[in-house]
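Peer 1: This is the structure I want to talk about, given as structure tokens.
The values are calculated or read from the model by the stated rules, or taken from the named source; none is laboratory data. Keep in mind it's a predicted model, so treat the numbers as computed, not measured. Virtual Cβ from ideal backbone geometry, glycine too; neighbours counted across all protein chains shown.
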Amino acid sequence: MNERDPRFWNTHDETLRDDHAQTTGIEKGHHMSFADWLHVQQRAHLAFGERLTLVTDWSAPTPDEDWDVSALVRHVIEEQQWVPLLLAGRTVGEARSRLQPLGDDLAAEWERYSADATRAWASVDPDTMVNLSYDSVPASAYLREQASDVIVHTWDLARAVGADENLDESLVAAAWTVFEPQKDTLEASGLFASPVPIAEDASLQSRLLALTGRDDRLAA
């Protein structure tokens, strides 16, 4: 897989249940609809964008050991670049050939590609099959993964810039429904560090982060 290829780690094609969604407006145990996930995606992008406005040092370290702030933000933006192309039915190779290099103004690039991705999600049929690097998945599954990735990286960015690290509880609950069923396979995907041991009575945000190898109990 090319390092810029769209990342996808979901091993489940079924609609995942939101078992911790008391604050989402969705009753516990009910399926989150595609419309629900569109709302999650939009709010996740807003949360990331809010932290992005606070960046003053693009070379500052992040919880992702291989990335500074600039690399982290570029990763999240690049993931959005893929969305309209793949949702339009292009293969990974076709989409890759159409990707544009990011400019130096990453805040402006985020605004551009976040908006492009949001419009593409809003217009796609959730059952449309999307070609990824090693599989074809429904757009609905791709959306869940995309939104959840932005949610976790929002915490990364907040930690890196000293911003508010408390994520919206409904966003955390949504991402949990994606990550928790895959807790035994996340590390094997090569995209996440080993899960961090954490108490079962820890906050849902702390448990979500721990699943992806992050520990919010450590000092910033």
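Peer 1: Output the qualifying pairs, or none if there are none: Cβ atoms under 8 angstrom, residues six or more apart or on different chains, first residue in region 42-61 and without any contact (Cβ under 8 Å) to a residue 60 or more places away in the chain, second residue of a type in the set (D, E, K, R).
Peer 2: Cβ pairs passing all conditions: TRP58/ASP68; SER59/ASP68.
Peer 1: Please specify each residue of region 65-74 satisfying the condition of being of a type outside the set (Asp, Glu) and surrounded by fewer than 19 Cβ atoms within 10 Å (Cβ to Cβ). Break it down into steps so the answer makes sense when it comes.
Peer 2: As a first pass, look at region 65-74 and keep what is of a type outside the set (Asp, Glu): 67, 69-74.
TRP67, SER70, ALA71, ARG74, listed by residue number.
Peer 1: Just for region 114-152: of the residues that are polar (S, T, N, Q) and in a helix (DSSP H, G or I), which one is nearest to HIS39 (Cα to Cα)?
Peer 2: We begin by selecting, within region 114-152, every residue polar (S, T, N, Q); these are 114, 118, 123, 128, 131, 133, 136, 140, 146, 148.
Now restrict to residues that are in a helix (DSSP H, G or I): 114, 118, 123, 140, 146, 148.
Numbers: SER114: 14, THR118: 10, SER123: 13, SER140: 13, GLN146: 13, SER148: 12 Å.
Only one residue fits best here, namely THR118.
Peer 1: Can you tell me which residues in region 153-165 are in contact with a helix residue (DSSP H, G or I) (Cβ under 8 Å, 6 or more places away or on another chain) and either in a helix (DSSP H, G or I) or among the polar types (S, T, N, Q) (or both)? Write out each step before concluding.
Peer 2: Restricting attention to region 153-165, the residues satisfying the condition of being in contact with a helix residue (DSSP H, G or I) (Cβ under 8 Å, 6 or more places away or on another chain) are 153-158, 160-161, 163-165.
The answer is HIS153, THR154, TRP155, ASP156, LEU157, ALA158, ALA160, VAL161.
Peer 1: Further question: Give SER133, SER114, SER123, SER148 a once-over and let me know the one that is modelled with pLDDT of 95 or more, surrounded by fewer than 21 Cβ atoms within 10 Å (Cβ to Cβ) and not acidic (Asp, Glu).
Peer 2: Working: SER133 fails: modelled with pLDDT of 95 or more; SER114 fails: surrounded by fewer than 21 Cβ atoms within 10 Å (Cβ to Cβ); SER148 fails: surrounded by fewer than 21 Cβ atoms within 10 Å (Cβ to Cβ).
Unique residue meeting the criteria: SER123.
Peer 1: If you don't mind, there's one more thing I want to ask. Does ALA174 count as over 14 Å from the mean Cα position of the chain (by Cα) and not polar (S, T, N, Q)?
Peer 2: no
Here is a yes/no grid of residues against (1) under 29 Å from GLU200 (Cα atoms); (2) touching a Ser or Thr at 6+ places or on another chain (Cβ under 7 Å):
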| position | (1), (2) |
| --- | --- |
| GLN100 | no, no |
| ASP104 | no, no |
| ARG112 | no, no |
| ASP125 | no, no |
| TYR142 | yes, no |
| GLN146 | yes, no |
| ALA175 | yes, yes |
| GLN182 | yes, yes |
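Peer 1: Please go through region 151-170 and give me each residue that is more than 14 Å from the chain's Cα centre (by Cα) and among the β-branched types (Val, Ile, Thr), ordered by number.
Peer 2: Across region 151-170, the qualifying residue is only VAL161.
Peer 1: Now, a different point. Looking at ALA88, ALA108, which is the one that is free of Cβ contacts under 8 Å to residues at least 40 places away in the same chain and more than 30 Å from ALA60 (Cβ to Cβ)?
Peer 2: Details: ALA108 fails: more than 30 Å from ALA60 (Cβ to Cβ).
Criteria check complete, one pass: ALA88.
Peer 1: Ok, one more. Can you tell me which residues in region 18-71 are hydroxyl-bearing (Ser, Thr, Tyr), modelled with pLDDT of 95 or more and closer than 19 Å to ALA175 by Cβ? Step through it out loud before you land on a result.
Peer 2: We begin by selecting, within region 18-71, every residue hydroxyl-bearing (Ser, Thr, Tyr); these are 23-24, 33, 53, 56, 59, 62, 70.
Next, from what is left, pick out any that are modelled with pLDDT of 95 or more: 33, 53, 56, 59, 62, 70.
Within region 18-71, SER33, THR62 meet the criteria.
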